[in-house]
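See structure below.
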Amino acid sequence: MRVLILGIAGGIARKLATRLLDAGHEVLGIDVRPWSSAPEGIEFHRVDVRKRAAEDVFRRRRPEAVIHMATVTALSVRGGERGRINLDGTKAVFDHCRDYGVKQVLFVGRHTFYGAASDSPLYHSEDEPPRALEKVPELADLVAADLYAATALWRMPEMTTAVLRIVYTLGAPGTGTLASFLRGRRVPMVLGYDPLFHVIQEEDVVTALQLALEKRLRGIFNVAGPPPVPFSVIIRETGRTPVPLPGPLLARLLGRFGFPRTSEGALSHIKYPIVVDNRRFREATGFHPAHDEGRIIRIFREASPLPGAEW
């Protein structure tokens, strides 16, 4: 199968590209970031998915399947450009898929789609709407991209579309939203809160994406690893020290004195859990994570040793 991966220069996307190549697929990739060490056999195009050059790749190479991983978070891109990448980029991807006869699309989303709120159910199913976006406006463009991708299920019925909402990754090489929050020796918590966190190891994400592709999934699916773990346990088991602080004080300290940089609205994600029900995906694919929670945390601890003293 000829597979085009958008955002191929990202860490998980690189692993996926190599895995698919080894499995006998023809692999192409598009990214604005460089990938000078791309393995032989992977056709890499350094272009913006919103530009004409990206459409030319679709037109000339006619991929049979597309895996869209070219969305960004507020940690990597800020302001209006993030919204243009996420929403305008996603629209361009689906337009090209329709125009050039792509048979299958995987949109790789995030479980933060559901939002973190005090009245949220403990386990989120795929049928639930997003919540509390007014508190975390930087999630709005990712949610909009996810919803737009889901509309392809009825707008483009000739195409097999799957929207995958994947929980936080943790492990090696220690990248991602949660890993960034755990970067320092001391990790803030909101006083009085210790939410459950769902995590998955990167190699298990690659396995899940390969299964979704090869089993031609259609629909919306939550993807998770082992059972969720309290935030305080993750902090301590990675060798860090939890620092519980009142919410208003913590909001003023973000990005200062060794605390991670994030938005005040994002503090809701360390107050309330975002735990997903992933039975639909497991039943459709037979997926079972190879890494349990203890192993995931050990891998991260080894890949991201404690930095020097910050205070």
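The values are calculated or read from the model by the stated rules, or taken from the named source; none is laboratory data. Please read these numbers as outputs of a predicted model, since none were measured by experiment. Virtual Cβ from ideal backbone geometry, glycine too; neighbours counted across all protein chains shown. To get the accessible areas, we keep the full protein, side chains included, count just its heavy atoms, and leave off ligands, DNA and RNA. Shrake-Rupley method; radii C 1.70, N 1.55, O 1.52, S 1.80 Å.
Give me the pairs: first residue in the stretch 293-304 and outside any helix (DSSP H, G or I), second residue of a type in the set (A, V, I, L, M) and buried (at least 20 other Cβ atoms within 10 Å of the Cβ), beta-carbon distance under 7 Å, and six or more apart or on different chains, which are they?
Matching pairs, first to second residue: Ser304/Ala179.
Quick one: is Arg46 touching a Gly at 6+ places or on another chain (Cβ under 8 Å) and open to solvent by 60 Å² or more (accessible area, probe 1.4 Å)?
So Arg46 does not fit the description; no.
Quick one: Gly176 ticks every box in (1) closer than 30 Å to Ile235 by Cα; (2) in contact (Cβ under 8 Å) with a residue 24 or more places away in the chain; (3) not hydroxyl-bearing (Ser, Thr, Tyr) bar one, so which box is it?
Unmet for Gly176, out of (1) closer than 30 Å to Ile235 by Cα; (2) in contact (Cβ under 8 Å) with a residue 24 or more places away in the chain; (3) not hydroxyl-bearing (Ser, Thr, Tyr): (2).
Only residues that are charged (D, E, K, R), under 30 Å from Cys97 (Cβ atoms) and either open to solvent by 10 Å² or more (accessible area, probe 1.4 Å) or part of a loop (DSSP other than H, G, I, E, B) (or both): list them for the stretch 157-198, please.
Glu158
Report yes if Gly101 is of a type in the set (Gly, Ala, Ser), farther than 26 Å from Pro273 by Cβ and surrounded by fewer than 20 Cβ atoms within 10 Å (Cβ to Cβ), otherwise no.
yes
Find the helices (runs of 4 or more DSSP H) located wholly in the stretch 201-253 whose residues include 2 or more that are open to solvent by less than 10 Å² (accessible area, probe 1.4 Å), and list them.
202-214, 231-237
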